[in-house]
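Read the figures in this text as sums done on the coordinates, not as results from a lab. Just so we're clear, the structure is a prediction, and the values are computed from it rather than from any experiment. Here the Cβ is made from the backbone with ideal geometry for all residues, glycine too, and neighbour counts use every protein chain on show.
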Amino acid sequence: MPWFVWLLAAAVLGVAEFFTLTLFLGLLAGAALVAAVVAGVGVGLLGQLVALGAAVAAGLVLVRPVALRQRERRPLVREGSDALIGRRAEVVQEVTATRGLVKLSGEEWSARALDESLVIPVGALVDVMEIEGATAVVHPRALLP
């Protein structure tokens, strides 16, 4: 089989992978490229089919599991209010279990203490433990291990 037929098959499979995102058609496209190279070197049809089969098997065993794991990972970048968790803030108005005010990322946020028995004074540095709506749940930095 001529090498350009394998190349055409690789292109068609690559386009199909682009639209389906199955990770399988892309492996077939890569294997067709390997078969195109083998055909271009002058190996016969049996050698081309063996190269195609070996490339598909290698892709399924080695590449696909890694690609699926990478696709399932959550992004490292947090957005919105989730990005504020773990940040440092300064108490602007005394923080209790029910109310308070902190300066967080240049903005004033309503806040409450994570530990309901704590009263955090003005000027204290706190860590944002979570965000509940528009309220930052904070804990004093000095009390953290």
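Couple of notes before you dig in:
- Loop-resident trypsin sites (Lys or Arg not before Pro) (DSSP state other than H, G, I, E or B) in segment 46-145 with no more than 15 further Cβ atoms inside 10 Å of their Cβ: 73, 78, 87, 99.
- Amide H partners (placed H, <5 Å) of residue 115, local residues excluded: none
- Gyration tensor (alpha-carbon) shape descriptor, segment 1-53, a/c threshold 1.5: prolate
- Residues within the reach of a label modelled at residue 90 (point 7 angstrom out along Cα to beta-carbon, backbone nitrogen below 13 Å), restricted to segment 114-139, are 122-126.
- With a Förster radius of 35 Å applied to the C-beta separation of residue 132 and residue 70, the computed FRET efficiency comes to 0.60.
- Karplus 3J(HN,Hα) series, Hz, for segment 55-66 with 6.51 cos²θ - 1.76 cosθ + 1.60 (x for Gly, Pro): 5, 5, 4, 4, x, 5, 7, 9, 8, 4, x, 5
- Of (1) 28.7, 82; (2) 18.2, 54; (3) 17.4, 58, the label for Rg and Dmax of the Cα atoms in Å derived from the coordinates: (1)
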